[in-house]
Structure formats: C-alpha cells, structure tokens
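I'd like to ask you about the structure that follows.
Each reported figure results from applying straightforward, stated rules to the coordinates on display, with no laboratory input. Being a predicted model, the structure only gives us computed values, none of them experimental. Methodologically, a virtual Cβ is constructed for each residue, glycine included, from the backbone with ideal geometry; neighbour enumeration extends over all protein chains shown.
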Ligand SMILES: [Mn+2]
C-alpha cells in the first residue's frame, strides 16, 4: 500500500525538486582539438519495496518501515502498553519527514544526525504526554539516497545488507551484547543462537537518553541491491538463505520471499524487509510505502506537532 507521507502538502510544505541536479555531461577539448563528450553523471536512487508481517506468535506488529526512491528505513520497537509501536512508528515518521523537507545539497550526515536528534526529542515528549510509555525504544536502520551518494544511519539490532552480484555483505554492526562478546573474542558466531542473552540490545533510540547512532557514507553502485530488515528475519533465516532469496526477481518479490521464509521458520517475531535496487533516477520523490506500525496514524505520538516543529526548524535554518 502506497501513501503520500506528506500530508504536509496541504499545509504548504513544498519540497522543490531541482532537475538541474542531474548534471549534464560537459564538453571538453582534448589534444588535437577533438571534442569529447564526457559521460553524464546521473543521480542514483532506489527502486523500493517494503513488506512487514506481524508473524505467527505476536499479537501486534511493533516494526515500522518506510521505502521510497530516496529513503529506506526499518525500525523495530520495544516497550509495553503498545509503546513499541509508538516508538518505531514515530521515529520512522519523523525521519521520513525530515528527509522529505531536506534542502538541496544539505549535508546528508548532518541531515540524518539532526533527524535522529529530533526523533529522540519527540520520543521524550511522547513519554511526558503519557508516562505509561516510559521505557519505549526502537532500533533504526536508515539508508538515504541524496542524488550524490548514500548515507547509512544505524542503531540497534536491525540490519542492512548489500547484495552485489552473488555476494552478500552485512553493512551494519549489531548493537548487541553478544556482538560485543564476539568482538572481544569471548564467544564465536556459532555460540550466538544458544546464548542466554542473545536478544539483549545495548543501544537504541529511547526516550530517556541521547541516542548513539552510527552514521556513515556508503559506496553503492547502479545494479546493487540492498536489504534493511528487522531481527525477525535474521534470527531465523541464515545469511546464505537470505542471499539466495534476495538474489531473485523484483524488489517486491524478494521482500515477500524473505518475509515468507521467516514465517516458514516459525514467525516468532514481527518481521520487516525493505529492499531497494540502486539505479539511475531522481531520489527526491514524495511517494513512499509505509509498512507495519507506521501504517496506522494512531501509533504516532503527534503527527501535527512533528510537522509544525520541523517546519519551524526549517524556517530557522533557512
Ligand atoms: Mn524484532
């Protein structure tokens, strides 16, 4: 199901798409007076797909996802009293809005950093409004296409993968207790599935402490396929099967086959798969697909407040 995330259009929020960003090839004279037309440098964007499923055991879907030509995002919420849904949906919403409102040539690392800071403030506000939400938190893995390149923001145990040719590479490091043990050489990857603390996440976006999020530029090329997913996939589907299922069909087909594999493996957790094919085109497009808790506006702390405050911030910056 595809929504226009910017109900903001009605409020006069206008994101200007600048076709001039598509840089035309320059004419240059080389030795002997011959004129050579250099290759055009086109913008890169995603052909996106998003699928999310509650799974076969949980009563609610606390995962949220968003997928557009310019932004892929997965957020896996935790917290009782329906607060997990609120955390993931609100963070997904705020970050997608920030990207929609971003200015041309705004530094993408600063943009994502500001977006995360605002999302954190928004969660804190959500707990002040309803103390029953205390303790809510969410993972975040977000991949931004700005036309010049790609930037990945990550915290928690959701994951980003790159499939280039037949080779699957994990782009993110799990912020988990067991990953810390692996990095310290105290356990091996084979020990993880039976470790009593395998599900302990050591970093997230929570209402009560400033988030520590890794943000880095990522070199992606036309023809690459990327996957962002919640641990509902990776806890039960091994990397070699992920590579096989990802390497087939359209992004939509691949996302659905991955979710189906998690369900076939028991579907103990909510599962969300966001798939994007990197190709040439304009990333600055309004329409995106919302999945999981993000689809239901009742899960947003306050969509109107998010919009108003980010508009004010944009005005101050401009
Ligand atoms: Mn999960």
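Compute the distance in nm between two label points, each set 7 Å from the Cα along the Cα-to-Cβ direction, one at residue 164 and one at residue 129.
4.3
Could you give the length gained by full extension between residue 109 and residue 268, i.e. 0.36 nm per residue of separation minus their alpha carbon distance, to one decimal place?
53.8 nm
With the crude spin-label approximation of a point 7 Å out along Cα→Cβ, what separation in nm comes out for residue 42 versus residue 148?
2.1
Measure off 7 Å from each Cα along the Cα-to-Cβ vector at residue 244 and residue 56, then give the distance between these two points in nanometres to one decimal.
Result for the modelled spin labels: 1.9 nm.
By counting other Cβ atoms within 10 Å of each Cβ, how are 161, 197 ranked from fewest to most?
So the residues, fewest neighbours to most, are 197, 161.
Turning to a different aspect of this structure: Relative contact order for the stretch 227-286: what is it in percent, counting Cα pairs under 8 Å that are at least 6 residues apart?
With pairs under 8 Å counted, the relative contact order is 48 percent.
Could you tell me the distance between the Cα centroids of the stretch 100-126 and the stretch 58-79, to the nearest Å?
17
Say R0 is 41 Å: what FRET efficiency, to the nearest 0.05, do residue 222 and residue 193 get from their beta-carbon distance?
0.70
In whole Å, how far is the Cα centre of the stretch 218-275 from that of the stretch 145-208?
15
Arranged from highest to lowest average of other beta-carbon atoms within 10 Å per residue, in what order do the peptides 60-70, 286-296 appear?
On the way: 60-70: 27.8, 286-296: 22.9.
Descending packing order for the listed peptides: 60-70, 286-296.
For the stretch 220-282, what class follows from the C-alpha gyration tensor (a ≥ b ≥ c being the square roots of its eigenvalues): rounded when a/c is under 1.5, otherwise prolate if a/b is larger than b/c, else oblate? Before the final figure, lay out the partial values.
Numbers: a/c = 2.34, a/b = 2.12, b/c = 1.10.
Here the stretch 220-282 falls in the prolate category.
Okay, next question. For a protection proxy built on the mean count of beta-carbon atoms within 10 angstrom, sort 176-188, 127-139 highest first, please.
Those peptides, ordered most packed to least, come out 127-139, 176-188.
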